[in-house]
Amino acid sequence: MTEATHRLALPLIAGGQAQKEMTHNEALAALDIAVQPVVEAVGVDVPPASPAPGQCWIVGAEPVGAWAGQAGTLAGWTASGWRFLPPGAGWTAWAKDSGLPARHDGSGWTLGVVSAARVEIGGVQVVSDRQAAIDTPDGGAFVDPEARAALTNVINALRAHGLIDP
């Protein structure tokens, strides 16, 4: 029999186990950190001096002190001390200090990057795949300098934001 769940590594109660409440409470503490995580900050290497129960952080690349050896994990402070959860690909946490999502891609955390195939607002698609390049207006039988300048500004803004090829 396995001693922990496959995805979250939550401890399982064994048949005939004494002190089942210990295993159950450990699993609940891990769930409290892992489910809908909200972290104080991302990439922190030094544990806070006075954490409050329930506060969590995403540990940085070079942790020290009580966090040594826990790089990249979710660190949550509980009444019993620090609990560390190694994230899996796709885990997402809300970072309170930046107001941005942090997503784990299986090898590390990325802060504030949202990947999507398209973006809709009110059911209307506003952004989709990058479009082909658009030439800057040049030539033509009739030249309207103001219109040409406006179109050039729009095209340059689309290029600058990566919405069309340069």
| remark: Log entry: pair-distance distribution for segment 88-165, C-alpha pairs binned every 10 Å from zero, whole % per bin is 15, 27, 29, 17, 9, 3
| remark: GNM of the chain, Cα pairs under 10 angstrom: of Pro137, Pro63, Pro87, the biggest fluctuation goes to Pro137
| query | With all pairs of different alpha carbon atoms counted, what Kirkwood hydrodynamic radius in Å does the chain show? | reply | 19.9
| Using all Cα-Cα distances in segment 119-162, what percent lands in each 10 angstrom bin from 0 up to the longest? | 23, 39, 28, 11, 0
| note | Sorted by accessible surface (1.4 Å probe, heavy atoms of the protein chains only), largest first, Val113, Val42 come out as Val113, Val42
| task | May I ask you to compute the full-extension gain from Leu28 to Gln131, defined as 0.36 nm times their residue separation minus their alpha-carbon distance, rounded to one decimal in nm? | result | 32.3 nm
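Just reorder Trp94, Trp67 by solvent-accessible area, largest first, 1.4 Å probe, all chains present. Provide the component values of the computation, followed by the final result.
On the way: Trp94 120, Trp67 0 Å².
Largest accessible area first, the residues go Trp94, Trp67.
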| task | With all protein chains present, calculate the accessible area of Ser107 using a 1.4 Å probe and round the result to the nearest 10 Å². | result | 110
| Quick one: helix 20-34 against the long Cα principal axis of the chain, what's the angle to the nearest 10°, folded into 0 to 90? | 10
| Overall Cα dimensions of segment 54-134 - principal axes, largest extent first, Å | 56, 26, 20
| request: Run the 1.4 Å probe and let me know the accessible area of Val35, rounded to the nearest 10 Å². | output: 80
| remark: Simple SL model, points at 7 angstrom along Cα→Cβ for Val143 and Ala61; separation in nm is 5.2
| said: Just to confirm the number: angle between the C-alpha axis of helix 145-160 and the first principal axis of the chain, 0 to 90 degrees, nearest 10? | reply: 20
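Expressed in nm to one decimal, what extension gain is obtained for the pair Trp94 and Leu8 from 0.36 nm per residue of sequence separation less their Cα-Cα distance?
On the way: separation 86, 0.36 × 86 = 30.96 nm, distance 1.86 nm.
Here the segment from Trp94 to Leu8 would lengthen by 29.1 nm.
The values are calculated or read from the model by the stated rules, or taken from the named source; none is laboratory data. All of these numbers come straight from a predicted model, not from anything done at the bench. Virtual Cβ from ideal backbone geometry, glycine too; neighbours counted across all protein chains shown. When the accessible area is computed, the model is the full protein with side chains, heavy atoms only, and any ligands, DNA or RNA have been set aside. Shrake-Rupley method; radii C 1.70, N 1.55, O 1.52, S 1.80 Å.
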